[in-house]
């Protein structure tokens, strides 16, 4: 029997039992679709978290821990490492920095930055330039918003109470200084030590404004000074830190490994990515395993359908054997039928899964925003479901393999039917 004749034979028999075959295909489709959609949640969450990490400006940054400032020898050795662009020294100022501007006051975190090294990096400013003298500063994107007068404070308190009564919160974004802070002179008072000793009020000029933070919820009201500030306030208490910037993402781990070999305490977001990938690999394997159970349940329907097909076609099997059909041919005919059922179910499952995935990503953000009373939630780049080609191949292979295995025993049973008993069976 030619292959095309085998296909026609199988198709004709499937058409005779449309209802039974259709329900079996639907069962296979539901099982495979459940597997794909369930596993797609793991891929979606992983993509969301990866994108969040990769969108951070610090993706090529290596943090160097330690209570002491990096020595000149260490800095030179690190700068000589291949693929290292810049070693940036920073120091957090102890306590808060008090700002006074016109009738407004504010409190900020002070940071001392090596501006020469900062100038070698891509600009982190939304406006202005980096400080060049001791009395010049760069302020955070929301610094002007943090400068409040008595009227602003009273209005923020009123709006906060209204928001609390409605089950939300208010961050004071509508208050604060609304003019252009760039170029303005600000009087600053620094905390010099742990005892809270304050410096003399000193006038500084705002020459730069930092870019908006990566996260919308983060309010950046910091103030950055150049290293010359230590000349003005030599007794200033600080907490030093260092950042190492690598030229590209793929070179972060090799540089990180070299630093660890030399005993440096370092950390990079890339390490978190690798740990996250391992976690999600295990998580996705678990989801695929659970989804496979649904496919196995669907295989019971295929097994029953093929068993009934063998029983109903006993006489036809006897005729085939009588005219010389080999057991291998008979077995192949029934395996082809179970494979067709699995193929149809898998094809439909892939279409349905993509439709569900697309709908979930389009609708769920609005549903969660409504449920959590957070209208801004829809603006976040959250992926609830992602179906990569690898998932389709894995799920499709599992579904087809289970379908074929489900039809294997009935197919074997068909090969053992005796010709005489089959021909004697009544139509």
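None of 205, 232 is surrounded by fewer than 17 Cβ atoms within 10 Å (Cβ to Cβ), under 14 Å from residue 112 (Cα atoms) and over 32 Å from the mean Cα position of the chain (by Cα) except 232. Here residue 342 fits the description: assigned by TED's automatic domain parsing to the domain that holds residue 382 and either at pLDDT 85 or above or not in a helix (DSSP H, G or I) (or both). Restricting attention to the range 156-169, does a residue exist that is within 34 Å of the chain's Cα centre (by Cα) and modelled with pLDDT of 90 or more? No, because not a single residue in the range 156-169 is within 34 Å of the chain's Cα centre (by Cα) and modelled with pLDDT of 90 or more.
Let's see how each residue does on (1) touching a helix residue (DSSP H, G or I) at 6+ places or on another chain (Cβ under 8 Å); (2) farther than 29 Å from residue 176 by Cα:
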| position | (1), (2) |
| --- | --- |
| 218 | no, no |
| 232 | no, yes |
| 235 | no, yes |
| 249 | yes, yes |
| 253 | yes, yes |
| 259 | yes, yes |
| 263 | no, yes |
| 271 | yes, yes |
| 276 | yes, yes |
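I'd like to check which strands (runs of 3 or more DSSP E) are fully inside the range 178-255 and have at least 1 residues that are over 15 Å from residue 111 (Cα atoms). Ranges flagged: 185-190, 202-210, 238-246.
Within the range 80-97, the set of residues being in a loop (DSSP other than H, G, I, E, B) and within 18 Å of residue 121 (Cα to Cα) comprises 80, 81, 82, 83. The criterion of being under 15 Å from residue 404 (Cα atoms), buried (at least 16 other Cβ atoms within 10 Å of the Cβ) and at pLDDT 85 or above does not hold for residue 298.
Under 8 Å between Cβ atoms, which residue pairs at least 6 apart in sequence (or on different chains) link something in the range 357-380 that is within 16 Å of residue 43 (Cα to Cα) and in the same structural domain as residue 44 (by TED's automatic domain parsing) with a partner that is loosely packed, with under 12 Cβ neighbours inside 10 Å and modelled with pLDDT under 55? From residues that are within 16 Å of residue 43 (Cα to Cα) and in the same structural domain as residue 44 (by TED's automatic domain parsing), there are no pairs. Entry remark, the range 150-177: residues being surrounded by 16 or more Cβ atoms within 10 Å (Cβ to Cβ) and part of a loop (DSSP other than H, G, I, E, B) number 5 in total.
In the range 124-147, the residues that are under 21 Å from residue 218 (Cβ atoms) and not assigned by TED's automatic domain parsing to the domain that holds residue 103 never reach a residue that is assigned to a loop (DSSP other than H, G, I, E, B) and modelled with pLDDT of 95 or more with C-beta atoms less than 9 angstrom apart, at least six apart or across chains. Quick test for you: out of 214, 222, pick the one residue that is within 23 Å of the chain's Cα centre (by Cα) and farther than 30 Å from residue 38 by Cα. Within the list 214, 222, the selection yields 214.
Here residue 281 does not fit the description of being surrounded by 13 or more Cβ atoms within 10 Å (Cβ to Cβ), in the same structural domain as residue 32 (by TED's automatic domain parsing) and at pLDDT 80 or above.
For the structure I just gave you, tell me whether residue 121 is part of a loop (DSSP other than H, G, I, E, B) and either crowded, with 20+ Cβ neighbours inside 10 Å or over 31 Å from the mean Cα position of the chain (by Cα) (or both). Here the answer is no, as residue 121 does not meet what is asked. Of all residues in the range 191-208, at least one satisfies being closer than 28 Å to residue 268 by Cβ and assigned by TED's automatic domain parsing to the domain that holds residue 70. Condition check for residue 398 on (1) surrounded by fewer than 17 Cβ atoms within 10 Å (Cβ to Cβ); (2) modelled with pLDDT of 85 or more: one failure, at (1).
The values are calculated or read from the model by the stated rules, or taken from the named source; none is laboratory data. Nothing here was measured: the structure is a model prediction, and the numbers come from that model. Reconstructed Cβ throughout: ideal geometry from the backbone, glycine too, with neighbour counts over all protein chains shown.
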